[in-house]
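Step one of this worksheet: look at the structure below.
The values are calculated or read from the model by the stated rules, or taken from the named source; none is laboratory data. In this text, all values refer to a predicted model and were calculated from it rather than measured experimentally. Methodologically, a virtual Cβ is constructed for each residue, glycine included, from the backbone with ideal geometry; neighbour enumeration extends over all protein chains shown.
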Amino acid sequence: MKNSDLLKITEDYSSPIYVYDSAKIVSQYKRLTSAFKQVKNLRINYAVKALSNINILKLLHNCGSGLDTVSIQEIKLGLAAGVPAKEIIYTPNGVSMIEIEEAVKLGVQINIDNLSILEKFGTLHPTIPACIRINPHVMAGGNTNISVGHIDSKFGISIHQMPHLLRIVENTNMNVNGIHMHTGSDILDIEVFLYASQILFDAAKNFNALEFIDFGSGFKVAYHENDIETNIEELGKKLSKKFNDFCKDYGRELTLVFEPGKFLVSESGYFLVKVNSVKQTTSTVFAHVDSGFNHFIRPMFYNSTHEIINISHPKKHKRFYSVVGYICETDTFGSNKRISEITEGDILAFKNAGAYCYSMASNYNSRFRPAEILWHNNQAHLIRERETMDDILKNQVQVSLS
Ligand SMILES: Cc1ncc(COP(=O)(O)O)c(C=O)c1O
């Protein structure tokens, strides 16, 4: 998107505000599917948690994507977006059997990630197809908060528990139609991914009625110029070959599934904020913006770094700034970043703001969550209103305290 388009959006809809460029989402979808064009049956299930606005779900479904969901609410959002239940997979972690039963009634593909639920599910629903999430115990992923395949992780059924898992499957005579892994986000090295996939292939041989193998996600995107990203094309070539070889041995054409979130939407997003003040201290120059980690938590939560651009004056001489928010705790978006000289009132754009940004926003400090704009066919479409005081008060129940 051009800086002038972004600036016009802040003039028309104010700040802070999220903007998503639909063309980037579509091009990332096409890039991924074309990297795996050697696989006959490929399925992409967009991970709703990354960015769950219903218009984004519709956009990706129009591209051919299904959905990966982790809560009953995400399933309902997907259905409301018009995605059929059979194109939705539900991969919860640590939820109750009650929620799983609700998902069964809605008709989505269930993915089970612990032995006790597996046994309950197999006993109650031996004929309903279920996928099983395996934890291959491969240390992958960036920050430890997003690395989920390791030995201490709460996710999936340990590969070391395979004998126990198989006894449950045999005893309940349940129908296992898929096998799944997700080892973490921001995987830097495709060899790690391929190594984990081999563990999954070996595990898959234990089941004779599989329809798909789901390799989860974790593709890393570039956060700044020259940053490493997952080499999707190379992964496509190598994993497709392994997958096709596996299908030949298995004796059936299975579907290869991925469930990317960040890869599809991260780079499409811009978070636009206005500089309220520039404050020089003894050691630092702070640019205080009209937002905080309540709107954009990733830098504080897992040290993510986002490029920050002064789109009001992109050509001015660059200086060092720490860009900080208004929350009354440490609230740093970026420390000592080189940004074109900032004056109060300038608009800053945070890049890579598509994934895990709005979806992790909160009302902390009783602030309103921002509006969201979809930039589609060279036009700005408001896809979520900025909250108001009514939203803050909506569910509060005032009682008589006299
Ligand atoms: C089970 C599962 N699948 C897919 C994803 C999406 O990961 P990413 O956004 O790195 O593509 C996640 C992210 O946490 C996940 O937990």
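Among the candidates ASN303, ASN352, single out the residue that is within 16 Å of the ligand (Cβ to nearest atom), of a type outside the set (A, V, I, L, M, F, W, C) and in contact with a helix residue (DSSP H, G or I) (Cβ under 7 Å, 6 or more places away or on another chain).
Unique residue meeting the criteria: ASN352.
So is ASN336 surrounded by fewer than 14 Cβ atoms within 10 Å (Cβ to Cβ), of a type outside the set (A, V, I, L, M, F, W, C) and closer than 26 Å to VAL323 by Cβ or not?
Values: surrounded by fewer than 14 Cβ atoms within 10 Å (Cβ to Cβ): yes; of a type outside the set (A, V, I, L, M, F, W, C): yes; closer than 26 Å to VAL323 by Cβ: yes.
Yes, satisfied.
Among the residues of segment 301-318, those identified as within 25 Å of SER359 (Cβ to Cβ), outside any loop (DSSP other than H, G, I, E, B) and modelled with pLDDT of 95 or more are ILE308, ILE309.
Go through segment 6-45 and give me each residue that's surrounded by fewer than 17 Cβ atoms within 10 Å (Cβ to Cβ) and either in contact with a His (Cβ under 6 Å, 6 or more places away or on another chain) or not aliphatic (A, V, I, L, M) (or both). Walk me through how you get there before you give the answer.
In the first step, residues of segment 6-45 are kept if they are surrounded by fewer than 17 Cβ atoms within 10 Å (Cβ to Cβ); the result is 7-8, 11-12, 14, 23, 27, 30-31, 34, 37-38, 40-41.
Within segment 6-45, LYS8, GLU11, ASP12, SER14, SER27, LYS30, ARG31, SER34, LYS37, GLN38, LYS40, ASN41 meet the criteria.
If you filter segment 244-289 down to residues that are under 16 Å from TYR321 (Cβ atoms) and of a type in the set (Ser, Thr, Tyr), you find that the one that is nearest to the ligand (Cβ to nearest atom) is THR284. Quick check on GLY78: is it within 16 Å of the ligand (Cβ to nearest atom) and either part of a helix (DSSP H, G or I) or at pLDDT 95 or above (or both)? Yes, satisfied. Scanning segment 326-371 for residues that are on the phi > 0 side of the Ramachandran plot and in a helix (DSSP H, G or I) yields ASN365, SER366.
Taken together, the residues in segment 346-402 that are in contact (Cβ under 8 Å) with a residue 24 or more places away in the chain, surrounded by fewer than 20 Cβ atoms within 10 Å (Cβ to Cβ) and basic (Lys, Arg) amount to 4. With respect to being surrounded by fewer than 19 Cβ atoms within 10 Å (Cβ to Cβ) and at pLDDT below 95, THR123 falls outside the description. Applying a threshold of 6 Å to beta carbon distances and a minimum spacing of six or more residues, or different chains, the list of pairs starting in segment 114-132 at a residue that is closer than 11 Å to GLU101 by Cβ and outside the structural domain of VAL176 (by TED's automatic domain parsing) and ending at one that is aromatic (Phe, Trp, Tyr) and surrounded by fewer than 19 Cβ atoms within 10 Å (Cβ to Cβ) is empty. When ILE311, ILE327, ILE339 are checked against the criterion of being out of contact with any Leu (no Cβ under 7 Å at 6 or more places or on another chain) and within 20 Å of GLU267 (Cβ to Cβ), ILE339 stands alone in meeting it.
For segment 372-398, give me each residue that is part of a helix (DSSP H, G or I) and not hydrophobic (A, V, I, L, M, F, W, C).
Going through segment 372-398, the residues part of a helix (DSSP H, G or I) turn out to be 389-393.
Those that are part of a helix (DSSP H, G or I) and not hydrophobic (A, V, I, L, M, F, W, C): ASP390, ASP391.
So how many residues does segment 231-274 have that are among the β-branched types (Val, Ile, Thr), surrounded by fewer than 23 Cβ atoms within 10 Å (Cβ to Cβ) and more than 20 Å from ASN41 (Cα to Cα)?
At the first step, the residues of segment 231-274 found to be among the β-branched types (Val, Ile, Thr) are 232, 255, 257, 265, 273.
This time we only want the ones that are surrounded by fewer than 23 Cβ atoms within 10 Å (Cβ to Cβ), so: 232, 255.
Add one more test, that the residue is more than 20 Å from ASN41 (Cα to Cα), and what stays is none.
Residues flagged as among the β-branched types (Val, Ile, Thr), surrounded by fewer than 23 Cβ atoms within 10 Å (Cβ to Cβ) and more than 20 Å from ASN41 (Cα to Cα) within segment 231-274 amount to 0.
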